[in-house]
Each structure stands twice: as structure tokens, then as C-alpha cells.
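One structure is given below, encoded as C-alpha cells.
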Amino acid sequence: MSSRISESTAMAAELLVVVNNTSHAEHLRQMLERNHYRVQVARNGGEALRIANESRPELVITDAVMPNMDGFAFCRMIKEEGLRDIPVIILSSFADQLEVIKGLESGADSLITTPFDEAFLLSRIEHLKNDRNKPRCVSVPPELDISIDGRDYTFRSDRRQILNLFLSTYEAASHNNRELLRAQDELRELNARLDAANKKLEAANLELEAFSYRVSHELRRHLHAITSFSQVVTENCGRQMDENCNLFVREISSRAFDMSDFVKSLLNLSKVNHLAVTKEHVDLSAMAQIIADDFSSSEPGRNVAFSIREGLSAKGDKTLLWLLLENLMGNSWKFTSRRDEAVVEFGMAKIKGKRTFFVRDNGEGFAMCDSDKLFRPFAKISKEFDGDGIGLATVHRIINHHGGRIWAEGEPGQGATFYFTL
């Protein structure tokens, strides 16, 4: 039935709304008055019974949940106090079988789930108002005993009320189903758009990666040429140049090496996002020992004591875990360069019941207020040491790929500890 209401008819209709929540009651009152109904509001069942006996409204709308007397008990009392002909709509947040049975037991004419659709509620009001004036079947007993799922129930509704309640429940379910289907269509359309956008983004990322690789490859090729020619100049012409010229050539070579390392770091950072993680058993202790030996061989004049706990292993991607340890231990190697007796430790501890690996050093450390910058590319927290943050950013991405977590603790001048889980 249409929800359109003729104003001349609606102005004569007085509705009683029984809702305990003030804001909900006001919302319902405004909605009904906007559709030309006269509305009285009661806050509880007792007040509502008094108003119903005094004014005999054409229809009652009650909330199922109220203090002292719920909507079903109130409806039952309405039907028992000589007001049986007044239709009662119960608003419930549940739409299960038990709620329907409680509605039938109480003699309710309609059960509507909340939040409700305004047009649907208005259509039920009009239907029940019109149905009220139709003749009833007098042969129907005032009570009907029915067994459902092995339990006996007594329904105080007549056949028309039962039909109305089932129809309202069915209509509400059909409306919700239509809304669900509409939402599913919208979700499918949104997913299709998102899928198309992701494909475009993936294609753009692949193109950008290919471009970055070509540029990086060319940069490294030219940087290698610069360092090679610098070495040739030093070997063939070093004796013919003064000290300043030799210094300049060595500086050129050193900067070219640094730039080559930087490009390599950028390539590693880019690759981490696209590498598939192949998990296998990895001996982290053996890996850390090899990395420590490589650092010691690179600068044999440094006094660095490596302490590596034996027997530490994990399941992860061997290539990525090598890159992770190389960057973390390389970070410690760099920031202990001013220590006469440097210490770099690789170990494991139980933190909150979880195996947690760590790399600890007695280097320069950092202020904890800067800890959020540690894993950001190009975020510089030390003015005294060269660095671009690419290594730690790479570590962070590797940890993410393994579903783990990384964090750091430190103190200026007292060293730093980087913890990670896999």
C-alpha cells in the first residue's frame, strides 16, 4: 500500500508513541507529525496505559525494550483492558523467531525491526488503520494454543492479527533483502573500480621500477668508470701531481664509491617491495658471523668485539634476512666508529613470551624522541655521521614482509638496541 497519506484523513488520526529514549521518541514524533499525524508520547508502559484509556488512540507504536514493563507486556495489557481493537506496532532491534513468537503471544499487530525504513513504517500504519475498520471473524477463539519446536505457546491474536504480523515481518525481511542486494551490487561495482585502479597502479609501479632500474644501472656504470679512471690517474700520474691534486682525485674516487653504495641501497629498497618471500630454515647465527667477519676484514685497524649468540635460527627468506642483518650490523659498525673498544652484539630474548632477536652496540645511540624517524628513508637524526636512512628503511620493509615487528631503544652516547620479531 502506498505511504502517501491524505491530509484530511491523517489529521484525525492520533497515534500513541511509547519510547523510553528521549532522542528516539523525539525523532519518531517529528517524523510522524511531518506526515500529518497527531502524536502523544509516553515514556513507559504505565503512563502509556493511562493515556490509552483516556484518549483511545487509533494506533500505538511501542519500543520492545523499556524499563519495568517491556513492549510485549504493555501490548498484552492493552489487549486485555478493553482496548483490543487498537492496533499495536512493536519496534524491535531483533528479527528472530523468538521475537515473532513473543509478538504473537502479546497480541501485537505488527513487528518492525529497527532501524526502520520511514516509508515502510508509514505504510504499515495506514494498513493497520484501514484494517481496523474491517469486520472480524467472531468464531475465532480469543486464545490459540500452538506448539513450535517442542514448546507450547498461547497466542492471543486473532487470525487477522497473526496474518498482519507475519506479513509485516515478511515485508521487512524482503525490504532488508532488497537493501542487501543493492548494497552487494554497489560493493561489486566498487570492487571492480578498485581492481581497475589497482591494476593501473601496479602497471605504473612496474614501469617506475623498470625506469629506476635502468637509471640506477646507468648511474652505477658511470660511477664505476669514474672510480676506475681515478685509480688509473693515481697510478700513472700520481708522482707528477702535487699533493692537492692527488687529494682531489682520491676525493673524486671516494665520492663515486659512496654514490655507488647509495644507488645500491636504493635498488635494494625498491626490490624488497616486489620480492616474493620464500620461507626456509635460516641459521641466523652463522649468517651474522659471516657478516661480522666481512666488516672486520674491511677495516682491520678497528677494535670491534662481535658477540654473536650461537644456535639462533628462524624461518624466513634467506636473501632478505641476510640484507636485514647486514644493514642492522652495518648500522652498529658505523655508529661505533668513534669507540676505542667497540662492541656489537647479536642475540635473542623472550619479550612478552615471544622470541625477539636484537642487535646491540655501544655506539653513539640516539634520543628516544627521534625513534619515529629511524625507519624513514632520508630522515637524518645525526649531524655527525653520514647516512640516508635507506638501510633501516629497507630493514623495516623486510620485517613487514615477514609479518614481524621492529623497534629500537637508545640513549645519546650510550649505544642503541634494535629489536625485531619474524
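The values are calculated or read from the model by the stated rules, or taken from the named source; none is laboratory data. The structure displayed is predicted, hence computed values, not measured ones. Quick reminder, even Gly has a Cβ in these numbers, built from the backbone with ideal geometry, and neighbours come from all protein chains shown.
Hey, does the stretch 234-256 have a residue that's assigned to a helix (DSSP H, G or I) and under 30 Å from F346 (Cβ atoms)?
Scanning the stretch 234-256, I find at least one residue that is assigned to a helix (DSSP H, G or I) and under 30 Å from F346 (Cβ atoms), so the answer is yes.
Are there any pairs, at least 6 apart or on different chains, whose C-beta atoms fall under 6 Å, with the first in the stretch 339-351 and farther than 16 Å from L312 by Cα and the second surrounded by fewer than 16 Cβ atoms within 10 Å (Cβ to Cβ) and of a type outside the set (K, R), and if so, which?
Between residues of the stretch 339-351 that are farther than 16 Å from L312 by Cα and residues that are surrounded by fewer than 16 Cβ atoms within 10 Å (Cβ to Cβ) and of a type outside the set (K, R), the close pairs are E341/N303; V343/A305.
Going by what's in this entry, would A286 be described as out of contact with any His (no Cβ under 6 Å at 6 or more places or on another chain), at negative phi and surrounded by fewer than 16 Cβ atoms within 10 Å (Cβ to Cβ)?
Taking the combined requirement at face value, the residue satisfies it.
Considering only the stretch 36-56, I want to know if a residue exists there that is under 18 Å from T114 (Cβ atoms), buried (at least 17 other Cβ atoms within 10 Å of the Cβ), in the same structural domain as R132 (by TED's automatic domain parsing) and touching a residue at least 40 places away in the same chain (Cβ under 8 Å).
Checked against the condition, which is being under 18 Å from T114 (Cβ atoms), buried (at least 17 other Cβ atoms within 10 Å of the Cβ), in the same structural domain as R132 (by TED's automatic domain parsing) and touching a residue at least 40 places away in the same chain (Cβ under 8 Å), the stretch 36-56 yields no hits at all.
Of these, A314, A256, which one is modelled with pLDDT of 95 or more and either over 25 Å from R214 (Cα atoms) or more than 40 Å from the chain's Cα centre (by Cα) (or both)?
A314
Is it true that K315 is without any contact (Cβ under 8 Å) to a residue 40 or more places away in the chain, assigned by TED's automatic domain parsing to the domain that holds T394, loosely packed, with under 15 Cβ neighbours inside 10 Å and not β-branched (V, I, T)?
No, not satisfied.
Scan the stretch 260-291 residue by residue and report those that are of a type in the set (S, T, N, Q), touching a residue at least 60 places away in the same chain (Cβ under 8 Å), within 17 Å of Y213 (Cβ to Cβ) and part of a helix (DSSP H, G or I).
Matches in the stretch 260-291: S265, N268, S270.
Wholly within the stretch 49-167, which helices (runs of 4 or more DSSP H) include no fewer than the required count, namely at least 2 residues that are of a type outside the set (D, E) and modelled with pLDDT of 90 or more?
Those helices (runs of 4 or more DSSP H) span 71-80, 118-132.
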